[in-house]
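One structure is given here, and the rest of the page talks about it.
Nothing in this text is a laboratory measurement; each read-out follows from the coordinates by a stated rule. From a predicted model like this one, the values you see are computed outputs, not experimental measurements. Every residue, glycine as well, gets a Cβ built from its backbone with ideal geometry; the counts of neighbours run over all protein chains shown.
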Amino acid sequence: MNICTAPVASGEIIYDASRWSPDGVAKAFDGVIAASVERRGRGDVRFLQLPFAEAVLRQYQRGGWAARVSRDWYFWLGREASRPFREFRLTAHLFELGLPVPRPLAARFLRSGIGYRAALITERIVQTRTLAECLQAGVAIDWSAAGQMIGRFHAHGLWHADLNAHNLLVDAAGVWWLIDLDRGRMRAAPGAWQQGNLARLRRSLLKLGAVERIEGFNRSAWPALCQGYRAQ
């Protein structure tokens, strides 16, 4: 990757210059490039057909109590502390380590008073389902492989801020991917944060009805994930 930055009106972009130009990035963010839109999670996700890849454009959106103040406005603490720049750089670092994350293509912030609004573009991983979708559709799940994937990230020191069943994807070849690295960070040493991540994932699965949907979830499925996690 060739990571560069460039100014734009009232803001700045960070992008992979080995894939496209600042002008192409600006067109993608400004909606010049045709896109289909799906409602996912807190907001809309735009799917872009770029000259070199399919891509996903995600606007940063708040959840919880903070959304009552503003759904998409964040307090400005500096360029490198901004959500899009941090997520882009973290994802690029993991991508270059060979870990299964979507390739980051560009991110942008636009200043607004003492705050900013932001968006991120990543390469689309095609023909995937989230772990949540697999669970709800009754699709067979390779729990051990999912656990191995999480274990690889933890071994490299990644703490995921929101490890849940919607942020684990499996593609048509059975490869597991990790997405949505917003607010994630690298940890210098193993610790309780690893089990905290797994506990968060387990709560997510229970909330989606894993016990009711999967016979022997507590007896076989979850232990298989944990065994895969330890075996990575």
Next on the checklist: Angle check, please: helix 192-207 long axis (alpha carbons) against the longest principal axis of the chain (alpha carbons), in degrees 0 to 90, nearest 10.
Outcome noted: 80 degrees
Checklist entry - Which of these, Gly113, Gly184, Gly11, has the largest mean-square fluctuation under a Gaussian network model of the chain (Cα springs below 10 Å)? => result Gly113
Checklist entry - Can you work out the FRET efficiency for the pair Glu96 and Arg219, with r the C-beta to C-beta distance and R0 = 45 Å, to the nearest 0.05? => result 0.70
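At a Förster radius of 22 Å, what calculated FRET efficiency corresponds to the Cβ-Cβ distance of Phe52 and Ala172, to the nearest 0.05?
According to the calculation, E is roughly 0.55.
Expected output is a single nm value to one decimal: the length gained when fully extending between Gln195 and Arg230, i.e. 0.36 nm times separation in residues minus the C-alpha distance. What is it?
11.4 nm
If you put +1 on each Lys and Arg Cβ and -1 on each Asp and Glu Cβ, how big is the dipole of region 90-232 around its Cα centre, in Debye rounded to 20?
Values: 17 positive and 10 negative charges, 94 e Å.
That gives region 90-232 a dipole magnitude of about 460 debye.
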Checklist outcome for this item: Per its Cα gyration tensor (rounded if a/c is under 1.5, else prolate when a/b beats b/c, else oblate), region 3-123 is best filed as rounded
Checklist entry - Considering the dipole of region 3-123 built from charges on the beta carbon (Lys and Arg +1, Asp and Glu -1) around the Cα centre, which of Gln59, Ala35, Ile13 is farthest to its positive end? => result Gln59
Checklist entry - Rounded if a/c is under 1.5, else prolate if a/b beats b/c, else oblate: with a ≥ b ≥ c from the C-alpha gyration tensor eigenvalues square-rooted, which is region 128-231? => result prolate
Next on the checklist: Pick from Arg213, Arg103, Arg124 the residue whose mean-square fluctuation is largest in a GNM of the chain, springs joining Cα atoms under 10 Å.
Outcome noted: Arg213
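Let me make sure I get this right: for region 168-210, a, b and c are the square roots of the gyration tensor eigenvalues over alpha carbons, sorted descending. Under 1.5 in a/c it's rounded, otherwise prolate if a/b > b/c, else oblate. Which is it?
It comes out oblate by the Cα gyration axes.
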